[in-house]
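Have a look at the structure below before the remarks.
Coordinate-derived values only; no laboratory data. Please read these numbers as outputs of a predicted model, since none were measured by experiment. FYI the Cβ positions are ideal-geometry reconstructions off the backbone, even for glycines, and counts take in every protein chain you see.
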Amino acid sequence: MRRKLAAGNWKMNGGGAELTEVEALLATHTNPKVDVLLCPPATLLHRMGQTIGNSAIATGGQDCHQNENGAHTGDISAAMVADAGARFVLTGHSERRTDHGESDACIRDKTRAAWDAGLTAVVCIGETLAQREAQNTLDILIGQLAGSIPDNATGENLVVAYEPVWAIGTGKVASLDQIGEVHDFIRMRLERRFGEGVGRSVRILYGGSVKPDNASDIFDVSNVDGALVGGASLKAADFGAIISALEASI
């Protein structure tokens, strides 16, 4: 049985003062029925881990370099992310693909590096508005799934996050039918490539303007195992409400 996952991506937001939101979240969700993950900026990763302590909340990096070390000024290796106390790392987020020109091959290498460091990789995939309107969504996802995920995936080292690019930070949300079609398709592709056992064990998250007022409906959709939340994860009240909605869907 796949355990649900509520993941928050703070992106390039937050400083030490925002750790009070983490403390507030801990106060209201001391023993969540789902897995909870927060991915802060790298500057906060260690401090957030200290705030969280031995609680049920995990931390994750927002990115990692594909090399273990070397002359890569400004980059952070997967081993460094793990050394800061993280258990997860995001790879392939659309903002990395767009802003930094990251290819599927690059993301595949980063995901492999994450696994080598003992991290669970949350591999992000999703189509642009132009690709959606051209009815190319499933073809785009086939390529991203094949190109971004290395062999030897398991339900322990891999989470897939479907984030339609046109719905990230825009307030737009894919329809429930659109979400269901894509999540069922991703499940089928995972089972076809990795076998039924592994394919069914990998969690598939939805991301794209998930908020307290739409979370419950999204979590009722087939093969939605949780959410990758952006802005709403910055406030304990909002993210806590999303966690509660995910718990209620079990």
Stretched fully, the stretch from residue 250 through residue 17 gains (0.36 nm per residue minus C-alpha distance, one decimal, in nm) 80.5 nm
Given backbone amide H placed at 1.01 Å from N, residues whose amide H is under 5 Å from that of residue 203, ignoring those fewer than 5 places away on the same chain, are 160
Share of Cα-Cα pairs in the chain beyond 31 Å, whole percent, is 16
Toy charge model, Lys and Arg Cβ at +1, Asp and Glu Cβ at -1: segment 5-233 dipole around Cα centroid in debye, rounded to 20, equals 180
If the label point sits 7 Å along Cα→Cβ of residue 71, residues of segment 77-113 with amide N under 19 Å come out as 77
Applied in sequence order to segment 54-67, the curve 6.51 cos²θ - 1.76 cosθ + 1.60 (Karplus, θ = phi - 60°) yields integer Hz couplings, x standing for Gly and Pro, of 9, 6, 7, 8, 9, 10, x, x, 8, 5, 8, 7, 6, 9
For residue 110, counting only lysines whose alpha-carbon sits under 25 Å away and dropping same-chain residues fewer than eight positions off, the answer is 4, 11
In a Gaussian network model of the chain with springs linking alpha carbons closer than 10 Å, the residue among 88, 185, 239 that fluctuates most is 185
Per the rule of 0.36 nm per residue minus the C-alpha distance, extending residue 146 to residue 100 adds in nm 14.5 nm
Ranked from fewest to most other Cβ atoms within 10 Å of their own Cβ, 59, 137, 30 fall in the order 30, 137, 59
Simple spin-label estimate for residue 2/residue 138, 7 Å along Cα→Cβ, in nm, reads 1.8
Amide H contacts under 5 Å for residue 8, restricted to residues at least 5 apart in sequence or on another chain and with H modeled in the peptide plane, are 37, 38, 39, 229
So for R0 = 22 Å, FRET eff. of residue 130-residue 181 from the Cβ-Cβ r, to 0.05, ends up at 0.75
